[in-house]
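**Student:** One structure, as structure tokens, below. Some questions next.
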Amino acid sequence: MDCNKIQRRIPTFLKAELKSRELMRFLEHMETCEECKEELTIQYLSSEGILRLEEGKTFDLDRELQEYMLRAEKGMKRRINL
């Protein structure tokens, strides 16, 4: 997939709505593309960070995003192995 397609799928990824094959391609692309990973970080920050700031909660968005991506990858692998 090219970067434009990947970046258009970021909101769908953040809602955990990507299908297994799309999710696999998305995660593989994120491993190698700094530009798309930066865009993912920005969109995650704007969706999650603003809510947390309004609630007055502390957070580590980089760590949380990495954990979110790991959970997505584990879920994808579980679906593939079923």
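**Student:** Among the residues of the range 47-69, which ones are touching a helix residue (DSSP H, G or I) at 6+ places or on another chain (Cβ under 9 Å), assigned to a helix (DSSP H, G or I) and farther than 19 Å from Cys3 by Cβ?
**Tutor:** Ser47, Glu48, Gly49, Arg52, Leu61, Asp62, Glu64, Tyr68
**Student:** When both residues are 6+ apart or on different chains and their Cβ atoms are under 6 Å apart, which pairs have a first residue that lies in the range 61-82 and is closer than 17 Å to Tyr44 by Cα, and a second that is modelled with pLDDT of 80 or more and open to solvent by 80 Å² or more (accessible area, probe 1.4 Å)?
**Tutor:** Leu61/Leu45
**Student:** What number of residues in the range 19-46 are open to solvent by 30 Å² or more (accessible area, probe 1.4 Å), in contact (Cβ under 8 Å) with a residue 24 or more places away in the chain and outside any helix (DSSP H, G or I)?
**Tutor:** 0
**Student:** Looking only at the range 7-17, count every residue that is without any contact (Cβ under 8 Å) to a residue 12 or more places away in the chain, closer than 13 Å to Ala72 by Cα and either among the aliphatic types (A, V, I, L, M) or open to solvent by 60 Å² or more (accessible area, probe 1.4 Å) (or both) and tell me the total.
**Tutor:** Restricting attention to the range 7-17, the residues satisfying the condition of being without any contact (Cβ under 8 Å) to a residue 12 or more places away in the chain are 8, 12, 15, 17.
In the following step, the residues that additionally are closer than 13 Å to Ala72 by Cα were identified as 12, 15, 17.
Add one more test, that the residue is either among the aliphatic types (A, V, I, L, M) or open to solvent by 60 Å² or more (accessible area, probe 1.4 Å) (or both), and what stays is 15, 17.
Counting residues in the range 7-17 that are without any contact (Cβ under 8 Å) to a residue 12 or more places away in the chain, closer than 13 Å to Ala72 by Cα and either among the aliphatic types (A, V, I, L, M) or open to solvent by 60 Å² or more (accessible area, probe 1.4 Å) (or both) gives 2.
The values are calculated or read from the model by the stated rules, or taken from the named source; none is laboratory data. Here the structure is a predicted model, which is why all the values come from computation and not from measurement. When we count neighbours, we look across all protein chains shown, and the Cβ atoms used for this are built from the backbone with ideal geometry, even at glycine. Calculation scope for accessible area: heavy atoms of the full protein, side chains included, ligands and nucleic acids excluded. Shrake-Rupley method; radii C 1.70, N 1.55, O 1.52, S 1.80 Å.
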